[in-house]
1. Kindly indicate whether any position in the stretch 78-96 is surrounded by 22 or more Cβ atoms within 10 Å (Cβ to Cβ), in a strand (DSSP E or B) and away from the ligand (no atom under 13 Å from the Cβ).
2. Would you point out the residue of the stretch 113-170, among those that are free of Cβ contacts under 8 Å to residues at least 60 places away in the same chain and of a type in the set (Asp, Glu), that is farthest from residue 49 (Cα to Cα)?
3. Pull up the stretch 46-60, narrow it to residues that are touching a residue at least 60 places away in the same chain (Cβ under 8 Å) and assigned to a helix (DSSP H, G or I), then point me to the one that is surrounded by the fewest Cβ atoms within 10 Å (Cβ to Cβ).
4. Could you please let me know if residue 17 is within 16 Å of the ligand (Cβ to nearest atom) and of a type in the set (Val, Ile, Thr)?
5. Mind counting the residues in the stretch 1-14 that are away from the ligand (no atom under 16 Å from the Cβ), of a type in the set (A, V, I, L, M) and part of a loop (DSSP other than H, G, I, E, B)?
6. Has the stretch 32-45 got any residue that is in contact with a Ser or Thr (Cβ under 8 Å, 6 or more places away or on another chain) and farther than 22 Å from residue 73 by Cβ?
7. If I filter the stretch 103-118 down to residues being part of a helix (DSSP H, G or I) and touching a strand residue (DSSP E or B) at 6+ places or on another chain (Cβ under 6 Å), which single residue comes out as nearest to the ligand (Cβ to nearest atom)?
Amino acid sequence: MEALEAILTRRSIREYTSQAVPDELIKKLLSAAMQAPSAGNQQPWHFIVVTERNQMNSLADALPFGKMLHTAPLAIAVCADFEAARYPDYWVQDCSAATQNLLLAAHALGLGAVWLGVYPLEERMAGVKQILGLPEQVIPLCIVALGYPAAVPEPPVMRFDEARVHHEHW
Ligand SMILES: Cc1cc2nc3c(=O)[nH]c(=O)nc-3n(C[C@H](O)[C@H](O)[C@H](O)COP(=O)(O)O)c2cc1C
């Protein structure tokens with residue numbers, strides 16, 4: 001799939017078939033995520049790949065809007081390691097860029113995915129940290145739920161809005 005087509009046709013997918021996502025596709029997703037730009041090329045990200053049903057259910061219970069994790073075959077937690085970061089203030093931008101790459105790669109590979117917000121909500125962060133056994137200096141940005149889409153979603157409404165575009169100054 002061409003890059004612009006992937007960007008313009010991606011949708012959040014919250015229902016999946018039970019088919020497992022093969023390891024080679026997971027590697028492609030992670031390669032796309034790690035190809036993202038980051039401040040000073042610091043690449044502060046770590047990814048926790050989760051497929052065990054107990055872990056998926058625990059994550060679903062920790063995220064009020066993450067109930068699709070009960071049936072998704074795969075989740076990837078996007079986290080940052082502060083100890084390794086040279087420009088720690090930029091970790092959210094860095095990990096968000098990685099997450100968007102991951103979502104677009106999933107779509108291009110015929111998978112469905114949805115970004116589940118964790119940071120900056122303390123309760124969700126504490127729950128995810130405990131379930132995934134994250135070290136003290138590692139902070140979770142989000143969980144991405146993934147699988148093969150159970151249905152073809154409606155194409156997205158185009159969001160381009162001329163009123164949001166300003167030239168030279170506001
Ligand atoms: C920071 C962030 C947090 C999100 N958290 C959730 C969530 O907890 N549960 C969920 O179902 N979708 C979540 N989403 C997905 C949005 O609801 C979705 O991107 C938005 O409705 C636009 O739909 P689209 O992705 O199909 O274009 C989140 C998206 C972002 C960027």
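Coordinate-derived values only; no laboratory data. Keep in mind that what you see is a predicted model, and the values were worked out from it rather than measured. No Cβ is skipped: glycine too gets one built from the backbone with ideal geometry, and neighbour counts run over all protein chains shown.
1. yes
2. Once the filter is applied, the top-ranked residue is 168.
3. If we take residues in the stretch 46-60 being touching a residue at least 60 places away in the same chain (Cβ under 8 Å) and assigned to a helix (DSSP H, G or I), then 55 is surrounded by the fewest Cβ atoms within 10 Å (Cβ to Cβ).
4. So residue 17 fails the test.
5. Total satisfying the criteria: 1.
6. Checked the stretch 32-45: at least one residue is in contact with a Ser or Thr (Cβ under 8 Å, 6 or more places away or on another chain) and farther than 22 Å from residue 73 by Cβ.
7. 103
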